[in-house]
Amino acid sequence: MRTIPVLAALTLAIAVPQAARAAEAKIGYVNLQQAVTEVEEGKAARDVLKKEFDQKQKVLDDKQNELKRMKDDLDKQMVVMSDDAKREKAMEFERKVNEMQQLYVQMQKDLQEREREMMKVIFDKMEAVIKGIAVKHGYTFVFEQQNAGLMVAPPEGNMTAELVKEYNAKYGKTGTPAKKADAKKAAPAAPAAK
């Protein structure tokens with residue numbers, strides 16, 4: 001019978017420190033989508049993707065204009081064409097339309113893959129910066145605001161602005177770590193003796 005109070009005391013002794021540790025947990029969160037749009041490397045990546053999109057869109061516009069001209073020519077010539085010629089031209093037009101649709105799908109895939117690759121590089125670097133901020137400020141947990149489904153969170157737990165600031169300080173626009181100048185290299189040369 002004495003073992004029950006002892007077990008209860010042991011359980012309480014174990015539970016109290018765990019509850020105290022849980023109360024000490026510091027929780028932070030970041031909005032990665034916001035951070036990507038605000039960091040210099042993210043802005044540069046967006047500019048590159050926009051340029052690539054515009055180039056691909058120009059190719060598609062040219063193809064579409066070509067198809068429109070082909071359709072207009074086909075409509076004008078239909079009256080004087082034989083049935084075989086009409087069928088042949090219609091099949092050629094349909095083949096060109098299918099080629100354009102395939103080109104469009106491929107370009108979309110290429111752009112999505114390119115964006116995914118560029119964002120993965122940025123997100124991987126952000127993860128390291130987030131871990132550094134978490135250690136520096138004693139965060140026990142850090143959540144991504146949108147994916148974690150945070151509906152309400154205290155603003156003091158939002159690490160997004162600090163993430164952007166530290167990311168830009170570390171990687172800048174190029175995405176490579178900024179090199180700190182050696183004191184020896186930065187020191188001015190000694191004046192020449194006269």
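The values are calculated or read from the model by the stated rules, or taken from the named source; none is laboratory data. Because the structure is a prediction, the values reported are computed rather than measured. Here Cβ is always computed from backbone atoms with ideal geometry, including for glycine, and neighbour counts include all displayed protein chains.
Can we say Val79 is farther than 29 Å from Tyr167 by Cβ and outside any helix (DSSP H, G or I)? When the stated conditions are applied, Val79 passes them. Set side by side, the residues Val39, Val59 differ, and just one is at pLDDT below 95 and β-branched (Val, Ile, Thr), which is Val59. Considering (1) at pLDDT 90 or above; (2) exposed (fewer than 10 other Cβ atoms within 10 Å of the Cβ), the lone condition that Val80 does not fulfil carries the number (1). Which ones in region 127-156 are surrounded by 13 or more Cβ atoms within 10 Å (Cβ to Cβ), modelled with pLDDT under 90 and either over 23 Å from the mean Cα position of the chain (by Cα) or more than 19 Å from Gln33 (Cβ to Cβ) (or both)? Once the filter is applied, which keeps residues that are surrounded by 13 or more Cβ atoms within 10 Å (Cβ to Cβ), modelled with pLDDT under 90 and either over 23 Å from the mean Cα position of the chain (by Cα) or more than 19 Å from Gln33 (Cβ to Cβ) (or both), region 127-156 yields only Ala153. Yes or no: Gln101 under 19 Å from Lys51 (Cβ atoms) and either assigned to a helix (DSSP H, G or I) or free of Cβ contacts under 8 Å to residues at least 40 places away in the same chain (or both)? Against the criterion (under 19 Å from Lys51 (Cβ atoms) and either assigned to a helix (DSSP H, G or I) or free of Cβ contacts under 8 Å to residues at least 40 places away in the same chain (or both)), Gln101 does not qualify. Only a single criterion out of (1) assigned to a helix (DSSP H, G or I); (2) modelled with pLDDT under 95; (3) within 17 Å of Gln34 (Cβ to Cβ) is not satisfied by Lys165, namely (2).
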